[in-house]
Amino acid sequence: MTPAAAYVTAAMTLRTLKALEREGLLTPDPRLAAAAQSMAIALTPEMLALIDRADPARDPIARQFVPNAAETEVSPDELADPIGDEARSPVKGIVHRYPDRVLLKPLHVCPVYCRFCFRREKVGPGGEALSATELEAALAYIRARPEIWEVILTGGDPLMLAPRRLAELLAALDAIPHLAVIRIHSRVPIVDPGRVTDELLAALTPRRATLWFGVHCNHPRELGAPTRAALARLADAGIPLMGQTVLLAGINDDVETLDQLMRALVTARVKPYYLHHPDLVRGTGHFRVPVERGRALMKALRGRLSGLAQPTYVLDVPGGHGKVPIGPAYLGDDPDVLLIEDAFGERHRYPR
Ligand code: SF4
(Lines give C-alpha, C1' and ligand atoms only; values in the text may rest on other atoms or scores of the structure.)
Protein backbone atom coordinates (compact mmCIF):
# COMPACT_ATOMS: atom_id res chain seq x y z
CA MET A 1 0.00 0.00 0.00
CA THR A 2 1.36 3.45 -0.84
CA PRO A 3 1.62 6.03 1.95
CA ALA A 4 -1.00 8.21 0.21
CA ALA A 5 -3.55 5.41 0.61
CA ALA A 6 -2.58 4.66 4.17
CA TYR A 7 -4.80 7.15 5.90
CA VAL A 8 -8.07 9.01 5.35
CA THR A 9 -8.88 12.64 6.10
CA ALA A 10 -12.23 14.33 6.64
CA ALA A 11 -13.29 16.51 3.70
CA MET A 12 -15.06 19.23 5.70
CA THR A 13 -12.16 19.93 8.03
CA LEU A 14 -11.04 23.58 7.92
CA ARG A 15 -7.40 23.71 6.85
CA THR A 16 -6.52 27.30 5.90
CA LEU A 17 -6.44 30.76 7.47
CA LYS A 18 -8.98 31.85 4.86
CA ALA A 19 -11.42 29.13 5.90
CA LEU A 20 -11.02 30.10 9.57
CA GLU A 21 -11.48 33.77 8.64
CA ARG A 22 -14.71 32.96 6.80
CA GLU A 23 -15.99 31.39 10.02
CA GLY A 24 -15.06 34.52 11.98
CA LEU A 25 -12.52 32.68 14.12
CA LEU A 26 -9.41 34.79 13.53
CA THR A 27 -8.16 37.86 15.35
CA PRO A 28 -6.47 39.89 12.57
CA ASP A 29 -2.68 40.11 12.99
CA PRO A 30 0.10 40.31 10.36
CA ARG A 31 1.98 37.49 12.18
CA LEU A 32 -0.78 34.94 11.57
CA ALA A 33 0.66 33.83 8.23
CA ALA A 34 3.95 32.94 9.95
CA ALA A 35 2.08 31.16 12.76
CA ALA A 36 0.13 29.12 10.21
CA GLN A 37 3.30 28.27 8.37
CA SER A 38 4.91 26.93 11.53
CA MET A 39 2.25 24.20 11.86
CA ALA A 40 -0.55 22.79 9.72
CA ILE A 41 -4.15 23.80 10.44
CA ALA A 42 -7.01 21.35 10.93
CA LEU A 43 -10.30 22.00 12.70
CA THR A 44 -12.97 19.33 12.33
CA PRO A 45 -16.70 20.14 11.91
CA GLU A 46 -17.40 18.58 15.32
CA MET A 47 -14.97 20.93 17.06
CA LEU A 48 -16.14 23.91 14.97
CA ALA A 49 -19.70 23.28 16.15
CA LEU A 50 -18.59 23.60 19.79
CA ILE A 51 -16.97 27.04 19.42
CA ASP A 52 -18.66 30.11 20.88
CA ARG A 53 -18.64 32.42 17.84
CA ALA A 54 -19.33 35.47 20.04
CA ASP A 55 -15.80 35.35 21.50
CA PRO A 56 -13.57 32.84 19.67
CA ALA A 57 -10.36 34.44 20.98
CA ARG A 58 -11.27 33.27 24.48
CA ASP A 59 -13.13 30.12 23.54
CA PRO A 60 -11.37 27.05 25.01
CA ILE A 61 -12.04 24.94 21.91
CA ALA A 62 -10.98 27.57 19.35
CA ARG A 63 -7.80 28.39 21.29
CA GLN A 64 -6.62 24.79 20.89
CA PHE A 65 -6.84 24.71 17.08
CA VAL A 66 -6.89 28.27 15.66
CA PRO A 67 -3.44 29.77 14.98
CA ASN A 68 -2.42 32.60 17.28
CA ALA A 69 0.11 35.34 16.52
CA ALA A 70 1.85 34.47 19.82
CA GLU A 71 3.12 31.27 18.14
CA THR A 72 5.76 33.43 16.43
CA GLU A 73 7.31 34.26 19.83
CA VAL A 74 9.94 31.66 20.67
CA SER A 75 11.79 31.78 24.01
CA PRO A 76 15.35 30.46 24.45
CA ASP A 77 14.09 27.62 26.72
CA GLU A 78 11.80 26.22 24.03
CA LEU A 79 12.84 23.21 21.99
CA ALA A 80 12.13 21.68 18.57
CA ASP A 81 12.02 18.21 20.18
CA PRO A 82 10.83 19.05 23.72
CA ILE A 83 10.55 15.51 25.08
CA GLY A 84 13.65 14.16 23.36
CA ASP A 85 12.04 11.65 20.99
CA GLU A 86 15.00 11.80 18.61
CA ALA A 87 17.55 11.03 21.32
CA ARG A 88 15.67 7.80 22.15
CA SER A 89 14.86 6.62 18.61
CA PRO A 90 16.99 3.63 17.61
CA VAL A 91 14.92 2.95 14.45
CA LYS A 92 12.63 5.25 12.48
CA GLY A 93 9.17 5.22 14.06
CA ILE A 94 10.32 3.76 17.41
CA VAL A 95 11.03 5.64 20.63
CA HIS A 96 12.56 3.42 23.34
CA ARG A 97 12.80 5.24 26.67
CA TYR A 98 12.07 2.50 29.21
CA PRO A 99 13.25 -1.13 29.01
CA ASP A 100 9.79 -2.73 28.92
CA ARG A 101 7.94 -0.47 26.48
CA VAL A 102 8.29 1.40 23.21
CA LEU A 103 6.38 4.01 21.27
CA LEU A 104 5.56 3.12 17.69
CA LYS A 105 4.66 6.08 15.47
CA PRO A 106 3.19 4.73 12.23
CA LEU A 107 2.32 8.21 10.90
CA HIS A 108 2.37 11.89 11.86
CA VAL A 109 -1.05 12.87 10.50
CA CYS A 110 -3.86 13.98 12.85
CA PRO A 111 -7.58 14.79 12.53
CA VAL A 112 -6.92 18.20 14.13
CA TYR A 113 -3.70 20.09 14.73
CA CYS A 114 -3.44 21.23 18.33
CA ARG A 115 -1.40 24.43 18.46
CA PHE A 116 0.34 23.34 21.70
CA CYS A 117 1.32 19.89 20.37
CA PHE A 118 4.54 18.46 21.81
CA ARG A 119 5.33 17.12 18.34
CA ARG A 120 4.23 20.26 16.51
CA GLU A 121 7.38 20.29 14.39
CA LYS A 122 6.71 16.72 13.22
CA VAL A 123 2.96 16.46 12.72
CA GLY A 124 1.16 17.61 9.58
CA PRO A 125 0.07 16.46 6.17
CA GLY A 126 3.75 16.03 5.20
CA GLY A 127 4.15 13.55 8.08
CA GLU A 128 3.20 10.55 6.02
CA ALA A 129 3.04 6.94 7.16
CA LEU A 130 6.15 4.85 7.60
CA SER A 131 6.97 3.03 4.39
CA ALA A 132 6.44 -0.76 4.34
CA THR A 133 10.20 -1.26 4.76
CA GLU A 134 10.42 1.22 7.64
CA LEU A 135 7.43 -0.35 9.39
CA GLU A 136 8.95 -3.82 9.00
CA ALA A 137 12.22 -2.55 10.53
CA ALA A 138 10.29 -1.08 13.47
CA LEU A 139 8.42 -4.38 14.00
CA ALA A 140 11.68 -6.32 13.73
CA TYR A 141 13.13 -4.11 16.49
CA ILE A 142 10.23 -5.08 18.78
CA ARG A 143 10.34 -8.77 17.81
CA ALA A 144 14.04 -8.96 18.64
CA ARG A 145 13.59 -7.66 22.22
CA PRO A 146 11.67 -10.02 24.51
CA GLU A 147 11.86 -7.45 27.32
CA ILE A 148 9.34 -5.26 25.47
CA TRP A 149 6.04 -5.90 27.24
CA GLU A 150 4.00 -2.98 25.90
CA VAL A 151 3.83 -1.02 22.66
CA ILE A 152 2.18 2.38 22.53
CA LEU A 153 0.85 3.40 19.13
CA THR A 154 1.06 7.15 18.83
CA GLY A 155 2.01 9.65 16.17
CA GLY A 156 0.30 11.69 14.88
CA ASP A 157 -2.90 9.83 15.46
CA PRO A 158 -2.86 6.07 14.74
CA LEU A 159 -6.61 6.13 14.08
CA MET A 160 -5.93 8.19 10.96
CA LEU A 161 -4.74 4.94 9.41
CA ALA A 162 -7.39 3.39 7.22
CA PRO A 163 -9.09 0.63 9.34
CA ARG A 164 -7.70 -2.11 7.09
CA ARG A 165 -4.19 -0.76 7.48
CA LEU A 166 -4.65 -0.42 11.25
CA ALA A 167 -5.95 -4.01 11.44
CA GLU A 168 -2.84 -5.24 9.59
CA LEU A 169 -0.56 -3.38 11.98
CA LEU A 170 -2.40 -4.64 15.07
CA ALA A 171 -2.30 -8.19 13.75
CA ALA A 172 1.47 -7.93 13.24
CA LEU A 173 1.90 -6.69 16.80
CA ASP A 174 -0.47 -9.30 18.19
CA ALA A 175 1.69 -12.00 16.64
CA ILE A 176 4.70 -10.96 18.76
CA PRO A 177 4.37 -13.36 21.71
CA HIS A 178 6.18 -11.27 24.34
CA LEU A 179 3.94 -8.22 23.76
CA ALA A 180 1.30 -8.33 26.49
CA VAL A 181 -0.23 -4.88 26.00
CA ILE A 182 -0.95 -2.74 22.96
CA ARG A 183 -1.92 0.81 23.82
CA ILE A 184 -3.37 3.30 21.33
CA HIS A 185 -3.22 7.05 21.98
CA SER A 186 -5.74 9.01 19.96
CA ARG A 187 -7.73 12.23 19.73
CA VAL A 188 -10.15 10.74 17.18
CA PRO A 189 -13.11 9.79 19.44
CA ILE A 190 -13.10 13.37 20.77
CA VAL A 191 -12.54 15.48 17.65
CA ASP A 192 -13.84 13.22 14.87
CA PRO A 193 -16.15 10.69 16.58
CA GLY A 194 -17.71 9.57 13.28
CA ARG A 195 -14.54 7.60 12.61
CA VAL A 196 -15.43 5.15 15.38
CA THR A 197 -17.24 2.90 12.94
CA ASP A 198 -18.02 -0.82 12.95
CA GLU A 199 -15.05 -1.27 10.64
CA LEU A 200 -12.76 0.45 13.13
CA LEU A 201 -14.14 -1.59 16.06
CA ALA A 202 -13.58 -4.76 14.03
CA ALA A 203 -9.97 -3.67 13.47
CA LEU A 204 -9.46 -3.14 17.21
CA THR A 205 -10.99 -6.37 18.52
CA PRO A 206 -10.46 -9.12 19.48
CA ARG A 207 -6.78 -9.33 20.38
CA ARG A 208 -4.52 -11.85 22.10
CA ALA A 209 -2.64 -8.94 23.66
CA THR A 210 -4.67 -6.64 25.91
CA LEU A 211 -5.66 -3.44 24.13
CA TRP A 212 -5.83 -0.16 26.06
CA PHE A 213 -7.03 3.09 24.57
CA GLY A 214 -5.83 6.54 25.66
CA VAL A 215 -8.04 9.49 24.77
CA HIS A 216 -6.65 13.03 24.62
CA CYS A 217 -9.30 15.43 25.96
CA ASN A 218 -8.74 18.91 27.42
CA HIS A 219 -12.10 20.50 28.12
CA PRO A 220 -15.50 19.22 29.32
CA ARG A 221 -17.19 20.77 26.28
CA GLU A 222 -15.26 18.31 24.09
CA LEU A 223 -17.44 15.54 25.51
CA GLY A 224 -20.60 16.24 23.52
CA ALA A 225 -23.19 13.62 22.56
CA PRO A 226 -21.36 12.25 19.45
CA THR A 227 -18.11 11.89 21.38
CA ARG A 228 -19.81 10.21 24.33
CA ALA A 229 -21.45 7.80 21.88
CA ALA A 230 -18.08 7.00 20.27
CA LEU A 231 -16.50 6.40 23.69
CA ALA A 232 -19.43 4.18 24.67
CA ARG A 233 -18.91 2.09 21.52
CA LEU A 234 -15.25 1.57 22.41
CA ALA A 235 -16.08 0.74 26.04
CA ASP A 236 -18.91 -1.61 25.00
CA ALA A 237 -16.41 -3.40 22.77
CA GLY A 238 -14.51 -4.25 25.97
CA ILE A 239 -11.66 -1.78 25.46
CA PRO A 240 -10.45 -0.10 28.68
CA LEU A 241 -10.22 3.67 28.24
CA MET A 242 -7.93 6.18 29.95
CA GLY A 243 -7.78 9.94 29.58
CA GLN A 244 -4.88 12.26 28.94
CA THR A 245 -5.22 15.99 29.44
CA VAL A 246 -2.73 18.78 28.82
CA LEU A 247 -2.87 21.60 31.37
CA LEU A 248 -3.31 24.70 29.19
CA ALA A 249 -3.50 28.37 30.12
CA GLY A 250 -6.86 29.92 29.26
CA ILE A 251 -8.34 26.52 28.41
CA ASN A 252 -8.46 24.36 31.52
CA ASP A 253 -6.19 25.97 34.15
CA ASP A 254 -8.94 26.49 36.69
CA VAL A 255 -10.34 24.08 39.22
CA GLU A 256 -13.95 24.25 38.03
CA THR A 257 -13.05 23.26 34.46
CA LEU A 258 -10.74 20.45 35.57
CA ASP A 259 -13.35 19.19 38.03
CA GLN A 260 -16.02 19.07 35.32
CA LEU A 261 -13.64 17.48 32.82
CA MET A 262 -12.50 14.68 35.14
CA ARG A 263 -16.07 13.92 36.22
CA ALA A 264 -17.24 13.91 32.59
CA LEU A 265 -14.44 11.52 31.62
CA VAL A 266 -15.27 9.10 34.44
CA THR A 267 -18.96 9.08 33.57
CA ALA A 268 -17.96 8.34 29.94
CA ARG A 269 -16.03 5.31 31.31
CA VAL A 270 -12.65 6.98 30.73
CA LYS A 271 -10.28 6.77 33.71
CA PRO A 272 -8.29 10.04 34.00
CA TYR A 273 -4.66 8.96 33.72
CA TYR A 274 -2.30 11.90 33.18
CA LEU A 275 -2.57 15.65 33.52
CA HIS A 276 0.44 16.72 31.46
CA HIS A 277 2.38 19.81 32.37
CA PRO A 278 2.74 21.64 29.03
CA ASP A 279 6.05 20.89 27.34
CA LEU A 280 8.66 23.46 26.27
CA VAL A 281 7.41 23.48 22.68
CA ARG A 282 8.58 26.35 20.48
CA GLY A 283 6.03 29.13 20.15
CA THR A 284 3.70 27.85 22.88
CA GLY A 285 4.56 30.13 25.81
CA HIS A 286 0.99 31.50 25.73
CA PHE A 287 -0.29 28.02 26.68
CA ARG A 288 2.14 27.38 29.53
CA VAL A 289 1.13 27.34 33.19
CA PRO A 290 3.65 27.62 36.08
CA VAL A 291 4.32 24.29 37.79
CA GLU A 292 3.24 25.77 41.13
CA ARG A 293 -0.15 26.61 39.66
CA GLY A 294 -0.52 23.06 38.36
CA ARG A 295 0.33 21.69 41.80
CA ALA A 296 -2.18 24.01 43.48
CA LEU A 297 -4.87 22.88 41.03
CA MET A 298 -4.11 19.23 41.75
CA LYS A 299 -4.32 19.92 45.47
CA ALA A 300 -7.70 21.56 45.02
CA LEU A 301 -8.93 18.58 42.99
CA ARG A 302 -7.81 16.15 45.69
CA GLY A 303 -10.23 17.75 48.14
CA ARG A 304 -13.23 17.65 45.85
CA LEU A 305 -12.96 14.68 43.46
CA SER A 306 -13.25 10.93 43.91
CA GLY A 307 -9.96 9.04 43.63
CA LEU A 308 -11.38 7.51 40.47
CA ALA A 309 -11.36 10.95 38.86
CA GLN A 310 -7.80 11.96 39.91
CA PRO A 311 -5.15 12.09 37.17
CA THR A 312 -1.44 12.07 37.96
CA TYR A 313 0.22 15.42 37.25
CA VAL A 314 3.35 14.67 35.21
CA LEU A 315 6.17 16.51 33.50
CA ASP A 316 8.14 15.06 30.61
CA VAL A 317 11.79 15.73 31.37
CA PRO A 318 13.44 17.41 28.33
CA GLY A 319 16.12 15.35 26.66
CA GLY A 320 14.16 12.10 26.52
CA HIS A 321 14.35 11.20 30.22
CA GLY A 322 10.66 10.35 30.51
CA LYS A 323 7.74 11.44 32.67
CA VAL A 324 7.82 12.09 36.39
CA PRO A 325 4.95 12.90 38.74
CA ILE A 326 5.42 16.46 40.02
CA GLY A 327 3.12 16.52 42.97
CA PRO A 328 1.80 18.07 44.93
CA ALA A 329 3.52 16.44 47.94
CA TYR A 330 1.56 15.52 51.04
CA LEU A 331 4.50 14.52 53.25
CA GLY A 332 6.26 17.21 55.31
CA ASP A 333 9.99 17.13 56.00
CA ASP A 334 10.68 16.21 59.65
CA PRO A 335 13.41 13.80 60.82
CA ASP A 336 11.37 12.33 63.69
CA VAL A 337 7.84 12.02 62.43
CA LEU A 338 5.94 12.04 59.18
CA LEU A 339 3.88 15.19 58.77
CA ILE A 340 1.02 14.36 56.47
CA GLU A 341 -1.19 16.99 54.90
CA ASP A 342 -4.74 15.86 54.24
CA ALA A 343 -6.88 16.80 51.24
CA PHE A 344 -8.16 19.89 53.07
CA GLY A 345 -4.74 21.28 54.05
CA GLU A 346 -4.64 20.10 57.70
CA ARG A 347 -1.35 18.58 58.96
CA HIS A 348 -1.27 15.28 60.90
CA ARG A 349 1.57 13.43 62.64
CA TYR A 350 2.26 9.82 61.68
CA PRO A 351 5.04 7.57 63.07
CA ARG A 352 7.98 6.84 60.79
S1 SF4 B 1 -3.75 15.13 17.98
FE2 SF4 B 1 -2.00 14.76 19.33
S3 SF4 B 1 -0.23 14.47 17.97
FE4 SF4 B 1 -1.90 15.44 16.77
S5 SF4 B 1 -1.56 17.66 16.91
FE6 SF4 B 1 -2.95 17.13 18.58
S7 SF4 B 1 -1.59 16.73 20.33
FE8 SF4 B 1 -0.32 16.66 18.49
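The values are calculated or read from the model by the stated rules, or taken from the named source; none is laboratory data. Since this is a predicted model, take the numbers as computed values, not measurements. Cβ atoms come from the backbone with ideal geometry, glycine included; neighbour counts cover every protein chain shown. Heavy atoms of the whole protein, side chains included, go into the accessibility calculation; ligands, DNA and RNA do not. Shrake-Rupley method; radii C 1.70, N 1.55, O 1.52, S 1.80 Å.
Some notes on this structure:
- Cβ-Cβ FRET estimate between LYS271 and ALA343, R0 fixed at 25 Å, reported to 0.05: 0.80
- Stretching ASP52 away from ALA140 to a fully extended chain increases their span by 26.9 nm, per 0.36 nm per residue minus the current alpha-carbon distance.
- Summarising the amide proton neighbourhood of LEU79: residues at separation of 5 or more, or on other chains, whose placed amide H is nearer than 5 Å comprise VAL281, ARG282.
- Label point at GLU256 placed 7 Å out along Cα→Cβ; residues across the range 200-240 whose backbone nitrogen lies under 20 Å: 218-224
- Mean-position separation - Cα centroids, the range 26-75 and the range 213-268, in angstrom: 21
- Full-stretch length increase - ALA87, ASP333 - with 0.36 nm per residue and alpha-carbon distance subtracted: 85.0 nm
- With a threshold of 23 Å on the Cα-Cα distance, the over-threshold entries among LYS105/LYS299; LYS122/LYS271; LYS92/LYS122; LYS92/LYS271; LYS18/LYS105 are LYS105/LYS299; LYS122/LYS271; LYS92/LYS271; LYS18/LYS105.
- The alpha-carbon of LYS323 sits under 19 angstrom from the alpha-carbons of these aspartates and glutamates, leaving out residues fewer than 8 places away in its chain: ASP77, GLU78, ASP81, ASP85, GLU86, ASP100, GLU150, ASP279, GLU292.
- Within the assembled protein chains, the solvent-accessible surface assigned to THR267 is about 100 Å², based on a 1.4 Å probe.
- Taking label positions 7 Å along the Cα-Cβ direction at both ALA225 and ARG15, the computed distance is 3.0 nm, reported to one decimal.
- Per DSSP, loop GluC sites (Glu not before Pro) in the range 261-352 with at most 15 further Cβ within 10 Å: GLU346
- Charged side chains reduced to their Cβ positions (Lys and Arg at +1, Asp and Glu at -1) give the chain a dipole of some 560 debye around its Cα centre.
- Pairwise label distance in nanometres, VAL324 with TRP149, each label 7 Å out on the Cα-Cβ vector: 2.2
- Vicinal HN-Hα couplings computed from phi for the range 242-257 (Karplus, 6.51 cos²θ - 1.76 cosθ + 1.60; Hz; Gly/Pro x): 10, x, 10, 10, 9, 6, 10, 4, x, 10, 9, 8, 9, 5, 4, 5
- Counting heavy atoms of the protein chains alone, SER131 has an accessible area of about 40 Å² for a 1.4 Å probe.
- Tensor-based shape of the range 144-281 (alpha-carbon gyration tensor, a/c under 1.5 rounded, otherwise prolate or oblate): prolate
- Most fluctuating residue given options GLY24, GLY155, GLY327, as computed from a GNM of the chain linking Cα atoms under 10 Å: GLY24
- Between the listed residues GLY285, THR312, ALA296, the Cα displaced farthest toward the positive end of the dipole of the range 271-313, a dipole computed from Cβ unit charges relative to the Cα centre, is found at ALA296.
- Net charge dipole size for the range 12-112 [Lys, Arg +1 and Asp, Glu -1 on Cβ; Debye, nearest 20]: 380
- Magnitude of the charge dipole, the range 209-352, Cβ model with Lys/Arg +1 and Asp/Glu -1, debye to 20: 380
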